[in-house]
Every structure is written in structure tokens, then in C-alpha cells.
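Chemist: One structure coming up, written as C-alpha cells, with questions to follow.
The values are calculated or read from the model by the stated rules, or taken from the named source; none is laboratory data. Please read all numbers here as calculations on a predicted model, not as lab measurements. Glycine also receives a Cβ, built like all others from the backbone with ideal geometry; neighbour counts cover every protein chain displayed.
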Amino acid sequence: MDADVVVVGAGPVGLLLAAELALAGVRPTVLERLAAPTEQPKARGIGVLAAEALRRRGLGADLDREHEHGLRALARDHGTTRTHFAWIHKIDQDAADPGRHGALIGQPALERLLRDHLRGLGVRVRHGHTVTGLRQGPDEATLTVETSTGEQRLTAGYVVGCDGGHSAVRRLAGFGFPGTPPLMTVRYAHAEVRGRDLLPPPGRLPGGTLFHDDGMIATFDFADTAPDRSAPLTAEEVRDSVRRVAGADVSLTAFRDGLRFTDQARQADAYRRGRVLLAGDAAHVHSPNGGQGLNLGLMDAMNLGWKLAAAVRGGASGALLDSYDAERHPVGAAVLHNTRAQSALLAPGPHVDALRDIVSDLMDLPEVNRHLGRLLSGVGHHYPLPYPAAHPAAGAHCPPLTIDDTVSLDRLAVTGRPLLLHPRAKRIDTGDRVEAVPIGKLSDDRLAAVLLRPDGVIAWAAAPGDDLEPAALRQALDTWFARSR
Ligand SMILES: Cc1cc2nc3c(=O)[nH]c(=O)nc-3n(C[C@H](O)[C@H](O)[C@H](O)COP(=O)(O)OP(=O)(O)OC[C@H]3O[C@@H](n4cnc5c(N)ncnc54)[C@H](O)[C@@H]3O)c2cc1C
């Protein structure tokens, strides 16, 4: 066999997954269609959970530096640093999840950071390698790969499609991709607009929504839901859309670049089929409203990396790898659900205008504001655990922690190993893979002891005064890390 795992696609999700596999002792082969990395601006930030995950891998200083630039750019472009629901910029993320922060980092900068991280772990991306065929056998999967020097065959124990919304892996492996078709097409162009004085002020219009500023113009076009996705965006296409949305005839000069995307919302019917798995946009596509796609995909990678590594090393139960689908599919479905609600709130017309006014007023209520903030961040989500877990934090992603006022969780978690932070850690048989760390106290006073999975999920926790060695702790260790004992 040529590789234990082939990761197809070196976007942010493929890069992080490959790094997580490498940290867990499995060296993946990473194939990327592009000859060189792209600088295409897409996401301008990552949410709380992904930012915390990357901080636990030692990337916090880089995120913080980029975040400062990102904050300034956001304030300049939107007049506020609050995040939005359906482009109503009122959500106070700091109030929604006090002490927990995302990071405003542009996608090209994030990908550079992840590439360096992966290189530091000794894995190089094979650029100019396009997967065109995939066949699954009982013991391995065989990939056909086009390169500049001809076609290659590669065999692998597992293949993970991180190859984006148009995923070839998803199609070749026969996954279904059901969902809802677009309600709108968004076009965004960097260009000079001749005749800008003919345009109405930016905002909602009978045909959709229009944004324009010096050197940029964008439309949310509800009259066109079937653009030719294979054709590159042109100045003429944007001009036609401006005419539909705003009823104004302008022309675009000095057209530098642009983006076209829709709000179709689709999700793979499963995230695993035998030896083939999907993560990131390959598993789910939706509108970028609320800035959730990257967060969702990066957390797929965090969830899958250590489980797949355990499957490769052998002996991990099939249930461990299947828990990837069981845990992540509902999270993806919830994101699709809220992006559909946002699309509905962006539709033109007086009825939606009225609804938006009401939603906007509701967002002034702190409870509503907090609810929407947590909906977008995903911080409130708990994975159901297959054993009794009494502590309310069990199944959730662990917040940032400091141990005995001195050591941060970020420093301990950099190895990617599971951690048992426990006053009697040395007495507990955790096997060889779980790092048992004796502690006095944790900075979160709801926690007296905690078992953390490599993806930062609290597998078991005890509150002050609880039994510190209940049967559930043993069950949690056996469920997630049985192989190491
Ligand atoms: C305009 C826009 C704004 C966005 N804003 C946000 C935001 O603010 N916040 C947010 O969280 N998300 C946002 N998103 C979504 C975010 O960009 C995506 O969710 C993210 O890029 C998904 O990462 P990925 O690694 O799954 O896929 P991709 O980034 O699409 O990477 C897939 C990779 O696979 C490669 N590939 C494809 N086919 C093959 C093949 N056959 N063989 C080998 N390689 C292949 C591709 O070349 C690519 O490098 C936005 C998206 C857009 C378009």
C-alpha cells in the first residue's frame, strides 16, 4: 500500500487534517490539484471553536497578530466589529461567549499558517496532483491521479475528500448530496464603477441587495439563481446583475477580480463510506452568511484526525471512526439550517422588510443576541456521549483553561495527546496514550477534573465536590482510548 491515508485537497481543512494525523503519528499523503497555493480572498475569519483549536496547537500568537489587522478592516468595511445574522450587524460575540474569541484572519493568511504548521510536522503537499478516479476494495482504496508527468495510481488504507464543494471524491465514492437549491446568487467585484451616481445608496432594493464603495460593487441577486458556474465572473455579468437588482445602467472598468457564489445548502448523506470519508466543504456547502463554513470544516478535521489515526494504527473499534459521522453530521445540518433562515431574511420585498425590522429589534434583547451569537459560534453544542456523563460541560468543547494559575491548556495540548487533568492523575490507569497531568485547581471553577479528547472535547468532567473516580471516568477512557490501555 502506498499510503495509510491520502488527503485529497490542501485547502484549510485538508491542511489541518493532515497536521492532526501527523501529530497522532500517521504520515498522510496530501494531493492538491493546484500547481501553487491560491491567494483568493474568501473567509475573513474563523470562529471561537476553530480559533481555540488552533491555539491549542501553538498557533495563537500568529492568530492574534492577524486578528488586529482583521478588526481594523472589519470596522472600516462595516462601520462595526459586531458580527451579523442575515446582514443585521448586531451580534456581540464577546457577550455571547465571554472569555472566548474567534480570530479575524483572512483565508490566504490562514492557509499559509497551516501550510507552515504542516511542514513543521514533516509533511509536504504534492501540488499539481488531481484526483480523477477512485475505487474501493475490501483492504484498500485505489486513486487515479493526473499529474503534469502523466497518470498515476495510488493505493491507500483510507481516503479523505477535503476537496471542496465540487468534491470529486464525494462524487466518485457515490455519496448523495441532498439539499436546497439557491434562492440567490451573490457577485462581488473589485472594479471602478462608471455611473456610480446613478446607483441608489447601498442596501435592500426590490430586486435584492446592493453594496458599493470605492473600487468595489456587490449584488445579492434573487432574480438569478442559475449562473453558469463554470464560467469566470466578468464585468458584463456583474453589470447585468446590477441592472436587475438596482435598475441602474452602470459600466465596470478596471475589473480586477471577483467572486460568484450561491446560497445553495447541501450536505453529504453520510461522512463515511467504507474507506472513504469527507470533511469540510466536500461534506457540506451553504451560504457564507454568518461566517461559519471554515469553522465547521476545521472542526471536522479536528474531530476526524485523531480517530482516523487510531483506526490506522489498528485496533480502534469501528465505532470510534463512525462517531465522526455521528458527531459532525448533526452539527453541519444545524449550520445549513441557520443559513437557510438567513437567506429567507435576505429575500427582497416589503414582507421580509417587516420581518427584518422585527428580528433587528429582537436582536437588541440581550438573550436573543446571545442566542444568535452562540448559534453562529457553535459553542453551546454538546455531543451526546455513549456513557452517563453528569457534568453539564461533558460533550462540549473545553474553554481556555489555566492550571494552578501558571500553565495554560494551550501549552499542554500542543502535542495533540488526550489529557487527563486530575488531582490524582498519577493514580489512575490511563494507558500509554493519555497524558495524565496532576493538578491543584483549574481556572474554570465549575471544573475539578477533566478528561480531554485531542479535539478539545470534554469526554468527562467532575465539579468540585463530585466523586473524582466514578465509573463514568473509566467508561470515558475505554470508549475513546481503549487501544492504548
Ligand atoms: C466569498 C466567500 C466568503 C466566505 N466567507 C467565509 C467566512 O467569513 N467565514 C467562514 O468560516 N467561511 C467562509 N467561507 C467559506 C470558506 O471559504 C470555505 O468553507 C472553506 O474554504 C472550505 O475549506 P475546504 O478546505 O473544505 O475547501 P476548499 O477551500 O475549497 O479547498 C479544497 C481544495 O481541494 C482542491 N481540490 C479540488 N478538487 C481536487 C481534486 N480532484 N484533486 C486534488 N485536489 C482538489 C482545491 O484546489 C482546493 O485547494 C466563504 C466562502 C466564500 C466563497
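Chemist: For residues that are outside any strand (DSSP E or B) and at negative phi, scanning just the stretch 202-218, find the one that is farthest from the chain's Cα centre (by Cα). Spell out how you get there, then give the answer.
Modeler: First pass over the stretch 202-218, keeping only residues outside any strand (DSSP E or B): 202, 206-207, 214-215.
Add one more test, that the residue is at negative phi, and what stays is 202, 206-207, 214.
Details: PRO202: 30, PRO206: 33, GLY207: 31, ASP214: 31 Å.
Per the stated criteria, the residue is PRO206.
Chemist: Something else: Of the conditions (1) farther than 19 Å from ILE105 by Cα; (2) of a type in the set (A, V, I, L, M); (3) free of Cβ contacts under 8 Å to residues at least 60 places away in the same chain, VAL26 satisfies every one except a single condition; which number is it?
Modeler: The single condition VAL26 does not satisfy is (3).
The rows are residues; the columns are (1) within 16 Å of the ligand (Cβ to nearest atom); (2) buried (at least 18 other Cβ atoms within 10 Å of the Cβ); (3) not charged (D, E, K, R).
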{"residue": "GLN292", "(1), (2), (3)": "yes, yes, yes"}
{"residue": "ASP300", "(1), (2), (3)": "yes, yes, no"}
{"residue": "ALA326", "(1), (2), (3)": "no, no, yes"}
{"residue": "LEU336", "(1), (2), (3)": "yes, yes, yes"}
{"residue": "ASP353", "(1), (2), (3)": "no, no, no"}
{"residue": "SER360", "(1), (2), (3)": "no, no, yes"}
{"residue": "ASP364", "(1), (2), (3)": "no, no, no"}
{"residue": "ASN369", "(1), (2), (3)": "no, yes, yes"}
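Chemist: Name the strands (runs of 3 or more DSSP E) wholly inside the stretch 1-101 in which the number of residues that are more than 20 Å from the chain's Cα centre (by Cα) and more than 9 Å from the ligand (Cβ to nearest atom) is 1 or more.
Modeler: 3-8, 29-32, 88-91
Chemist: Also: For the stretch 128-141, give me each residue that is within 9 Å of the ligand (Cβ to nearest atom) and either not assigned by TED's automatic domain parsing to the domain that holds VAL285 or not aliphatic (A, V, I, L, M) (or both).
Modeler: HIS129, THR130, THR132
Chemist: Residues that are under 29 Å from HIS329 (Cβ atoms): list the strands (runs of 3 or more DSSP E) wholly contained in the stretch 375-459 that include at least 2 such residues. Step through it out loud before you land on a result.
Modeler: Working: elements: 419-422, 435-438, 449-452.
Because the criterion is at least 2 residues that are under 29 Å from HIS329 (Cβ atoms), the strands (runs of 3 or more DSSP E) in the stretch 375-459 that meet it are 419-422, 449-452.
Chemist: Related question: If PRO232 satisfies all but one of (1) at pLDDT below 95; (2) touching a strand residue (DSSP E or B) at 6+ places or on another chain (Cβ under 6 Å); (3) at negative phi, what's the number of the condition it fails?
Modeler: Checking PRO232 against (1) at pLDDT below 95; (2) touching a strand residue (DSSP E or B) at 6+ places or on another chain (Cβ under 6 Å); (3) at negative phi, the one that fails is (2).
Chemist: Can you tell me how many residues in the stretch 142-180 are part of a strand (DSSP E or B) and within 14 Å of the ligand (Cβ to nearest atom)?
Modeler: From the stretch 142-180, those part of a strand (DSSP E or B) are 142-147, 150-161, 179-180; that's our starting set.
After this cut, where a residue has to be within 14 Å of the ligand (Cβ to nearest atom) as well, the list is 143-147, 151-152, 154, 156, 159-161.
Going through the stretch 142-180 one residue at a time, the tally reaches 12.
Chemist: Kindly indicate whether THR142 is under 26 Å from ALA19 (Cβ atoms), without any contact (Cβ under 8 Å) to a residue 24 or more places away in the chain and touching a Ser or Thr at 6+ places or on another chain (Cβ under 6 Å).
Modeler: When the stated conditions are applied, THR142 passes them.
Chemist: How many residues are away from the ligand (no atom under 14 Å from the Cβ) and in a strand (DSSP E or B) when one looks only at the stretch 113-127?
Modeler: The number of residues fulfilling the criteria is 0.
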